[in-house]
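Trainee: Let me begin by handing over the structure; questions about it come next.
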Amino acid sequence: MVKQLARAIGGAMVLVGLLAGAPAFAKSEINSSLIGAVAIEGTDAVAYFKESKLVKGSSEFTHRWKGAEWRFKTVANRDAFAAQPEKYAPRFGGYCAWAVSQGYTAGIDPQAWTIHAGRLYLNYSKDIQAKWRQDIPGNVVKGEKNWPKVLEK
C-alpha cells in the first residue's frame, strides 16, 4: 500500500514537472464557451446589425466558423453570416474591445455592444463600454495594433 502511494505521488510529481515545462497555449481566435465552443455567448451577431439589439441565437440555426459555433435567431441571419462572416463577426474575435485596446483579453457582456464604422465591438460590461465610448476611434487604433498579439498572453 505504501509503495503504491509512493509510486502515485512520484508519477504525479513527474507529470507536474512535465506540465511546468510545457509551452503556454495561445487563446482561441474566437471568444467562445469552453463547452461546445459557442461564440459570443450564443448571441446572434447579425441581429445586432439588423435589429439594433441583442438577440439570443438558437441551436437550431448554427454555422461553424473559425473553430466556433455561431448561433442565429433565423435561417436568414445564419445564411447572411455564412456568406459574409467578416462583416458580422465582432472585431477582435468577440473579446472585450476595450481590453484588447489595453493589451489583454477579457470576456464580454453581450448587452455591452457598439457598432462603429460598420463593425461590431463587444465589451466586458456597461461600465467598460462607457470607457470604450470615450474614444472609440482611438481605442480601435490601439486594438488593431494589439490584435492578434494579445492571444499569446
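The values are calculated or read from the model by the stated rules, or taken from the named source; none is laboratory data. Keep in mind that what you see is a predicted model, and the values were worked out from it rather than measured. Please note: Cβ atoms are built from the backbone with ideal geometry, for glycine as well, and neighbour counts cover all protein chains shown.
Trainee: I'd like to verify a number: residues in region 133-153 that are within 10 Å of Val100 (Cβ to Cβ), assigned to a helix (DSSP H, G or I) and not acidic (Asp, Glu), how many? Spell out the reasoning first.
Mentor: As a first pass, look at region 133-153 and keep what is within 10 Å of Val100 (Cβ to Cβ): 139-140, 142-151.
After this cut, where a residue has to be assigned to a helix (DSSP H, G or I) as well, the list is 139-140, 142-146, 149-151.
Subset that is not acidic (Asp, Glu): 139-140, 142-143, 145-146, 149-151.
Selection size over region 133-153: 9.
Trainee: What residue, of Ala37, Ala80, Ala45, Ala117, is crowded, with 17+ Cβ neighbours inside 10 Å and closer than 28 Å to Lys145 by Cα? Let's see the steps before the verdict.
Mentor: Numbers: Ala37 fails: crowded, with 17+ Cβ neighbours inside 10 Å; Ala80 fails: closer than 28 Å to Lys145 by Cα; Ala117 fails: crowded, with 17+ Cβ neighbours inside 10 Å.
Only one candidate passes the filter, namely Ala45.
Per-residue answers, yes or no, for (1) closer than 15 Å to Ala45 by Cα; (2) in the same structural domain as Lys142 (by TED's automatic domain parsing):
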site: Phe81; (1), (2): yes, no
site: Tyr95; (1), (2): yes, yes
site: Trp98; (1), (2): no, yes
site: Thr105; (1), (2): no, yes
site: Pro110; (1), (2): yes, yes
site: Ala117; (1), (2): no, yes
site: Leu120; (1), (2): yes, yes
site: Tyr124; (1), (2): no, yes
site: Gln129; (1), (2): no, yes
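Each row is one residue, and each column tells you yes or no for (1) at pLDDT 95 or above; (2) in a helix (DSSP H, G or I).
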residue	(1), (2)
Ile9	no, yes
Lys27	no, no
Arg64	yes, no
Glu69	yes, no
Arg78	yes, yes
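Trainee: For the subset of region 129-150 comprising residues that are aliphatic (A, V, I, L, M) and surrounded by fewer than 19 Cβ atoms within 10 Å (Cβ to Cβ), which member is farthest from Phe81 (Cα to Cα)?
Mentor: Initial filter on region 129-150 (aliphatic (A, V, I, L, M)): 130, 136, 140-141, 150.
Now narrow it down to the ones that are surrounded by fewer than 19 Cβ atoms within 10 Å (Cβ to Cβ): 130, 136, 141.
Values: Ala130: 28, Ile136: 25, Val141: 25 Å.
Across region 129-150, the extreme among qualifying residues is Ala130.
Trainee: Same structure, new question: What's the number of the only condition in (1) without any contact (Cβ under 8 Å) to a residue 24 or more places away in the chain; (2) more than 16 Å from Asp79 (Cβ to Cβ); (3) not hydrophobic (A, V, I, L, M, F, W, C) that Ser58 fails to meet?
Mentor: Answer for Ser58: the failing condition is (2).
Trainee: Restricting attention to region 91-99, does a residue exist that is assigned to a strand (DSSP E or B), aromatic (Phe, Trp, Tyr) and under 18 Å from Asn146 (Cα atoms)? It would help to see each step written out before you state the result.
Mentor: Going through region 91-99, the residues assigned to a strand (DSSP E or B) turn out to be 96.
With the extra rule that they be aromatic (Phe, Trp, Tyr), the set shrinks to none.
The answer is no, given that none of the residues of region 91-99 is assigned to a strand (DSSP E or B), aromatic (Phe, Trp, Tyr) and under 18 Å from Asn146 (Cα atoms).
Trainee: Continuing with the same structure: Yes or no: region 29-39 includes at least one residue that is out of contact with any strand residue (DSSP E or B) (no Cβ under 8 Å at 6 or more places or on another chain) and in a strand (DSSP E or B).
Mentor: no
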